[in-house]
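Trainee: Below are the structure tokens for one structure; questions will follow.
The values are calculated or read from the model by the stated rules, or taken from the named source; none is laboratory data. None of the values given here were measured: they were computed from a predicted structure. Here the Cβ is made from the backbone with ideal geometry for all residues, glycine too, and neighbour counts use every protein chain on show. Only protein heavy atoms, including side chains, enter the accessible area calculation; ligands, DNA and RNA are left aside. Shrake-Rupley method; radii C 1.70, N 1.55, O 1.52, S 1.80 Å.
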Amino acid sequence: MNLRWEPKLLNWGMNMDSNHLFALLIIDVQQGFEDKRWGKRNNSNAEENINSLLKIWREKQWPIIHVQHISTNSHFPLAANSKGVSFKEIVNH
């Protein structure tokens, strides 16, 4: 089954422009997750969907939090000071 998610601001009983606390949380969108060791992905549209949300959040100047995985294992794709630990370009603009 291939599902396509279209970003929509859902009404969870709060107005997104109000004083409620909310943020877009972007977790582990990093170069190292392209490494073959992770196997075949099941979320091929993830970056596209994240980028759509980021455009909305940035336009509205809503808070965005990026979480970065940094491994202490120097041989791991997400090792500190490696290319793999860098955020993917799609979330950097």
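Trainee: Which residues, counting only those in segment 70-93, are within 25 Å of LEU53 (Cβ to Cβ), without any contact (Cβ under 8 Å) to a residue 40 or more places away in the chain and of a type outside the set (D, E, K, R)?
Mentor: Once the filter is applied, which keeps residues that are within 25 Å of LEU53 (Cβ to Cβ), without any contact (Cβ under 8 Å) to a residue 40 or more places away in the chain and of a type outside the set (D, E, K, R), segment 70-93 yields ILE70, ASN92, HIS93.
Trainee: Can you name the condition, by its number, that SER86 falls short on among (1) small (Gly, Ala, Ser); (2) in contact with a strand residue (DSSP E or B) (Cβ under 8 Å, 6 or more places away or on another chain); (3) surrounded by fewer than 11 Cβ atoms within 10 Å (Cβ to Cβ)?
Mentor: (3)
Trainee: For segment 32-70, give me each residue that is more than 11 Å from the chain's Cα centre (by Cα), closer than 25 Å to SER82 by Cβ and open to solvent by 60 Å² or more (accessible area, probe 1.4 Å).
Mentor: GLU34, LYS36, ARG37, TRP38, LYS40, ARG41, ASN42, ASN43, SER44, HIS69, ILE70
Trainee: Yes or no: segment 7-24 includes at least one residue that is at positive phi, modelled with pLDDT of 50 or more, open to solvent by less than 50 Å² (accessible area, probe 1.4 Å) and among the small types (Gly, Ala, Ser).
Mentor: Scanning segment 7-24 turns up no residue that is at positive phi, modelled with pLDDT of 50 or more, open to solvent by less than 50 Å² (accessible area, probe 1.4 Å) and among the small types (Gly, Ala, Ser).
Trainee: Just to be sure I understand the filter: pairs with C-beta atoms under 8 Å, separated by 6 or more residues or on different chains, first member in segment 46-67 and within 12 Å of VAL91 (Cβ to Cβ), second member aromatic (Phe, Trp, Tyr) and open to solvent by less than 60 Å² (accessible area, probe 1.4 Å). Which pairs pass?
Mentor: Here the result reads ILE64/TRP57; HIS66/PHE87, each pair linking segment 46-67 to a residue that is aromatic (Phe, Trp, Tyr) and open to solvent by less than 60 Å² (accessible area, probe 1.4 Å).
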